[in-house]
Amino acid sequence: MRVLLTGGSGQVGHALLACKPQGIECLAPSSRELDLSEPQQISQLLSHWRPELIINAAAYTAVDRAESEPERAFAINASAVEHLSAAACAIGARLFQLSTDYVFPGDTGAALAEDAPCKPLNVYGASKLAGEQAALALGEQALVLRTSWVFGAHGGNFVKTMLRLGAERQQLGIVCDQTGGPTPAQAIAQTLWKLAELPDAHGIFHYSGNPPCSWYDFAQRIFANAVQLGLLMQAPTLSALTSAEYPTPARRPASAILDCTRLQRECGITQPDWASALTSCLQQMTTP
Ligand SMILES: NC(=O)C1=CN([C@@H]2O[C@H](COP(=O)(O)OP(=O)(O)OC[C@H]3O[C@@H](n4cnc5c(N)ncnc54)[C@H](OP(=O)(O)O)[C@@H]3O)[C@@H](O)[C@H]2O)C=CC1
Ligand SMILES: Cc1cn([C@H]2C[C@H](O)[C@@H](COP(=O)(O)OP(=O)(O)O[C@H]3O[C@@H](C)C(=O)[C@@H](O)[C@H]3O)O2)c(=O)[nH]c1=O
Ligand SMILES: [Mg+2]
């Protein structure tokens with residue numbers, strides 16, 4: 001199967017390349033080779049390469065910065081997906097689009113099914129929701145995988161931020177009133193390759209790590225493991241903060257727990273346990 005992968009240098013893209021099954025011929029241009037903010041490059045490349053599947057793992061993911069750069073966030077997360085979708089339609093390719101828990105307002109506390117009402121609280125979430133809609137315009141050729149709180153040994157994420165700050169400071173304040181599902185990049189990659197083998201899978205699917213936790217819980221586990229594995233001499237003292245006590249440019253959902261039963265029921269894919277994946281991820285960081 002011929003695949004075009006965007007965002008190959010990112011967390012999910014890197015993991016996709018690392019566990020690419022045999023028989024997949026994957027073109028993964030860098031953002032310099034295919035700049036998604038330059039739409040004419042998309043149709044040019046796709047009419048030459050003619051993949052059967054496009055996996056769009058590229059995105060503008062700087063949640064706070066997006067508040068002051070909405071045009072750029074929308075260009076990459078929404079307009080580029082419209083162009084990918086049109087190009088996929090022209091060549092009869094499937095399009096897999098990654099999306100986020102931040103499309104939800106997260107104000108109910110209930111686990112959110114794929115058809116739960118979306119109402120993003122921030123620019124990033126709004127741009128990703130527009131990207132979902134652009135992908136879904138392709139009909140049965142489109143699949144949107146919504147995930148959350150992605151982490152892995154490669155790339156930037158909350159785990160890396162905590163390790164950096166933990167080495168610099170003795171005390172950290174971490175929000176405890178935002179709940180979600182940390183998700184290993186590697187598990188997302190395996191799920192996407194499995195979905196690539198299921199030609200009828202289409203529409204929106206949720207996939208996140210289990211069990212749900214707060215950023216504060218996640219940080220506690222990161223530091224406990226990091227000390228145990230010798231990545232840090234000593235864990236910083238953590239204080240649990242409310243979102244009001246830790247103001248950020250972007251508002252974030254209080255409770256974005258993705259109900260992942262559709263993926264299990266229809267595709268036999270179960271939620272990953274984030275805590276054991278976190279241990280493996282930190283172990284990977286101890287070996288150069
Ligand atoms: N990170 C998270 O916690 C979550 C992510 N998601 C979604 O999952 C997907 C993958 O995220 P993740 O792997 O974390 O992302 P990363 O931030 O790790 O990587 C983003 C990727 O997008 C590429 N990119 C950015 N701008 C452009 C551009 N103009 N043209 C081409 N490529 C570009 C980057 O390339 P370069 O390095 O060259 O700039 C990089 O490869 C995204 O759709 C994201 O919205 C969903 C939920 C949670
Ligand atoms: C660095 C830091 C962050 N925080 C808070 C801010 C925020 O509420 C929460 C997480 O911060 P981050 O900026 O790392 O995470 P954030 O960029 O919001 O992560 C999101 O990224 C996008 C791409 C997604 O799609 C989401 O699923 C989610 O993973 O932790 C603290 O409380 N203390 C700290 O020292
Ligand atoms: Mg961030």
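Here are a few things to note about the model shown:
- Subset tally (residues that are of a type in the set (A, V, I, L, M, F, W, C) and closer than 14 Å to V123 by Cα) for segment 68-92: 5
- Pairs with Cβ under 7 Å, 6+ apart, first in segment 173-196 and under 24 Å from P105 (Cβ atoms), second buried (at least 23 other Cβ atoms within 10 Å of the Cβ) and among the acidic types (D, E): G180/D101
- For S148: the one exception among (1) in contact (Cβ under 8 Å) with a residue 24 or more places away in the chain; (2) surrounded by fewer than 24 Cβ atoms within 10 Å (Cβ to Cβ); (3) over 12 Å from the mean Cα position of the chain (by Cα): (3)
- Annotation note: of E140, E168, the sole residue that is surrounded by fewer than 17 Cβ atoms within 10 Å (Cβ to Cβ), more than 14 Å from ligand 3 (Cβ to nearest atom) and farther than 14 Å from P236 by Cα is E140.
- Exclusive hit being crowded, with 16+ Cβ neighbours inside 10 Å, within 15 Å of ligand 1 (Cβ to nearest atom) and small (G, A, S), set A66, A93, A18: A66
- Long-range neighbours under 8 Å by Cβ, at least six apart or interchain, first residue more than 17 Å from F158 (Cα to Cα) within segment 2-16, second among the acidic types (D, E): R2/E25; R2/E52; V3/E25; V3/E52
- The residues listed here are T100, T161; of these, the one that is within 12 Å of ligand 2 (Cβ to nearest atom) and closer than 28 Å to R2 by Cβ is T100.
- Count of segment 49-68 residues, restricted to those that are more than 17 Å from the chain's Cα centre (by Cα) and hydrophobic (A, V, I, L, M, F, W, C), is 2.
- In segment 149-158, the residues that are near ligand 2 (Cβ under 7 Å from one of its atoms) and part of a strand (DSSP E or B): V150
- With respect to the conditions (1) exposed (fewer than 15 other Cβ atoms within 10 Å of the Cβ); (2) within 18 Å of V103 (Cβ to Cβ), S47 falls short on a single one, namely (2).
- Among (1) within 25 Å of A256 (Cβ to Cβ); (2) within 16 Å of ligand 2 (Cβ to nearest atom), the one test that S9 misses: (1)
- Restricting segment 80-117 to residues that are touching a helix residue (DSSP H, G or I) at 6+ places or on another chain (Cβ under 7 Å) and among the polar types (S, T, N, Q), the residue that is farthest from T191 (Cα to Cα) is S85.
- In the set S43, S47, S31, S85, only one residue is in contact with a Leu (Cβ under 9 Å, 6 or more places away or on another chain), of a type in the set (S, T, Y), more than 16 Å from ligand 2 (Cβ to nearest atom) and over 30 Å from P247 (Cα atoms); that residue is S85.
- The condition (being over 22 Å from L16 (Cβ atoms) and hydrophobic (A, V, I, L, M, F, W, C)) is satisfied by just one residue among I257, I188, I269: I257.
FYI, it's all coordinate maths here, none of it is from the lab. Predicted, not measured: the structure shown is a model, and the values here were computed from it. As a convention, Cβ positions derive from the backbone with ideal geometry for all residues, glycine included, and neighbour counts pool all protein chains shown.
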